[in-house]
Structure formats: C-alpha cells, structure tokens
Amino acid sequence: MWTCKVRGRLKKGPRLAQTVAVAGDRVRFLVLDSDLDNPSGIIEEVLPRRNRISRLAARRSGGRTEQVLMANLDQVVAVQSLREPSAQTGFVDRLLVAAERFGVTGILVLNKWDLVADVPEDAPELSQWDYFSDLGYPVIKTSATSGLGISELHDILTNRISLMIGASGTGKSTLLNVIQPGLKLRVSEVTGKTGLGRHTTTRTELFPLRDGGFIADSPGIRGFDPWDIDPERVRDYFPDFTDCARDCKFRTCLHRDEPQCRVKALVSGGKIPVWRHQAYLALLRDLEERRDRSGY
Ligand SMILES: Nc1nc2c(ncn2[C@@H]2O[C@H](COP(=O)(O)OP(=O)(O)OP(=O)(O)O)[C@@H](O)[C@H]2O)c(=O)[nH]1
Ligand SMILES: [Mg+2]
Ligand SMILES: [Zn+2]
C-alpha cells in the first residue's frame, strides 16, 4: 500500500482541504520512495469523479462548504442500531436522498437485532423500516452478536464498492470485523449513561474485500445535511412521491400547502407514513433556509 501526501497546490481554492482526495478517489501520483516495505508518493492529480456522497460540512465552516465523504462508489449502507444508540428514520431519509441525487444505491442495515428480541416484529418501531423495503431499498436485519443477516450483508457487499455510514456506536466496524476478521478494526463500547458511541473510527478508510470489492468504514456522524440539492428538486428524490405527484393539481406542487395534493391525500389515507412526509418537509425547510442564508 502506497502512503501518499497531497500536493500543496491542490489544496488551494474554496473547497475544504480535507476533501481534496477522499476514499474512493482515483489519483495520479509521483513515486517518492518505492521501498517495498513502505512505499510513498505525492498526489499530483485527482481524476474526475463518477459520483460522490457529500454533506454540508459542520456549521463552523460557514455553512457553505461541501464535505465529500466518498467518491466513485456503487452503494452506501446506512447503518442504524435499534438500541444503544436508538435508530432514527430521519437520518436514513436524508442519506437516501443524497444517494438518489448522485445515482448511488442506498441500502439499510438495522443492527443489534439481538437487543430487541423481546419486541414483537409488528411493533411500530420495528415495522416502520419495512416501508423502505417496500420502496425497493434493500433492508438487512443484522446482529454482529448472533450472526443474523451477516451472510446477506456479506453477499451484498461482495464485488461492489460501498460506504458504511451511521451514528457512532451503531456497530459499523464490528459488522465489518465479523464479515472479514482480518480487518481487525478498532471498536469500543457505547457509554452506559448516554447510550452514545465514542467516535472510535476517526477517518474514512477503504479496504479490499477478500471475496471481491471494496468497503469503506467511516467515523460516526450524527446528522446528514445533503449537499447540492435545490429545495424544488428534493421531492424528486423521494421515490414514493414521484409516481403519485403526477396526480397533484399543480405540476410545481411541493406537497406542502398546495390544494389538491395527491401526496398529502396519501398521507391522510395512511398509504404514506406521517413520519416520512414530516422528514421531507423538514428537509425542504432546511434547504430553503440554507439558500436564504447563503444566497444561493
Ligand atoms: N448487542 C450488540 N452489540 C453490538 C452489535 N454490533 C456492535 N455492537 C457493539 O456496539 C459497540 C460499538 O461498536 P462499533 O463497531 O465500535 O461501532 P461503530 O459504528 O464503528 O462506531 P464509530 O466508529 O464510533 O462510528 C461495541 O461495543 C460493539 O460490540 C450487535 O449486533 N449487538
Ligand atoms: Mg467504527
Ligand atoms: Zn403534491
């Protein structure tokens, strides 16, 4: 494996230095040392990206900086744990929007299934996830402890380039260690008091999979504000809205306050869950506010 630095001049410009070269990037580099044990080089050029997964960088960056989490990927795996920490659909809705936007396949992993063994499968907190599977997203129920869903996860990762993403402590690194023990990724327990993770993984790193493909493990993130989406376009990235939107009275309907909106009718009728519509409205509002604030 070649250890490379990024040529200084590539870091100039409006973009965050940390996203000049990210996991999954293809680069051209100059060999500095071809010593077999520890070869090194310097990155001269990052080749054009086929696609990417990006979010808005932390607020302190001024609210207008893109943070590219990974480039040139086939699929993004949203990892949620059902307990310790508890799951949030809002995160999944937003990540799937980013995936739809850039043509990346979205997959949902519900981990720590062993911790909800006594909860009936049709309890709302568990059955709500079936909605994503009805929409066509693969939903995999896993437990790193019991082995549930591990072979399914292994198979969906094989021969593809994927990114594992989710809150700290959901078990991203643990799952990868079970799938491929040689990875020996560092993991740690969630804190007892708050039930939150400890941010054990500190950078996004890409690993080859034994049976083919590549997997990137990434540090836990709390929120996900998708990058580069117009408020007027966000409805197009909710596949459950796009079909029925043809029956809204107005072609420009944002499914919010407009009269004779088919999406709202389906929400009232129970065909689209209220939480799903709420997630859409919250994202729409965020994107509008962001545009008002920063003027683009
Ligand atoms: N009960 C149970 N615990 C699990 C499961 N998967 C992971 N854990 C535990 O959850 C804790 C956190 O696991 P990590 O793999 O470090 O979580 P992570 O998502 O990589 O966290 P960050 O690197 O901080 O983002 C560890 O104590 C794991 O043993 C599971 O399926 N069931
Ligand atoms: Mg980790
Ligand atoms: Zn509508």
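For the reader, a short list of remarks on this structure follows.
- Condition check for SER162: among the small types (Gly, Ala, Ser) and either more than 14 Å from ligand 1 (Cβ to nearest atom) or at pLDDT 95 or above (or both): yes
- Residues that are small (Gly, Ala, Ser) number at least 2 in the following strands (runs of 3 or more DSSP E) confined to segment 28-94: 40-46, 75-81.
- Set HIS255, HIS277: member being closer than 15 Å to PHE91 by Cα and more than 16 Å from ligand 2 (Cβ to nearest atom): HIS277
- Unique residue being within 15 Å of ligand 1 (Cβ to nearest atom), open to solvent by less than 10 Å² (accessible area, probe 1.4 Å) and closer than 20 Å to THR170 by Cα when the list is LEU115, LEU110: LEU110
- Residue list for segment 85-99, filter: aliphatic (A, V, I, L, M) and touching a residue at least 60 places away in the same chain (Cβ under 8 Å): LEU95, LEU96, VAL97, ALA98
The values are calculated or read from the model by the stated rules, or taken from the named source; none is laboratory data. All figures in this text were calculated on a predicted structure; none of them were measured in a lab. Note: ideal-geometry Cβ built from the backbone for every residue, glycine included; neighbour counts use all protein chains shown. With ligands, DNA and RNA removed, areas are computed over all heavy atoms of the protein, side chains included. Shrake-Rupley method; radii C 1.70, N 1.55, O 1.52, S 1.80 Å.
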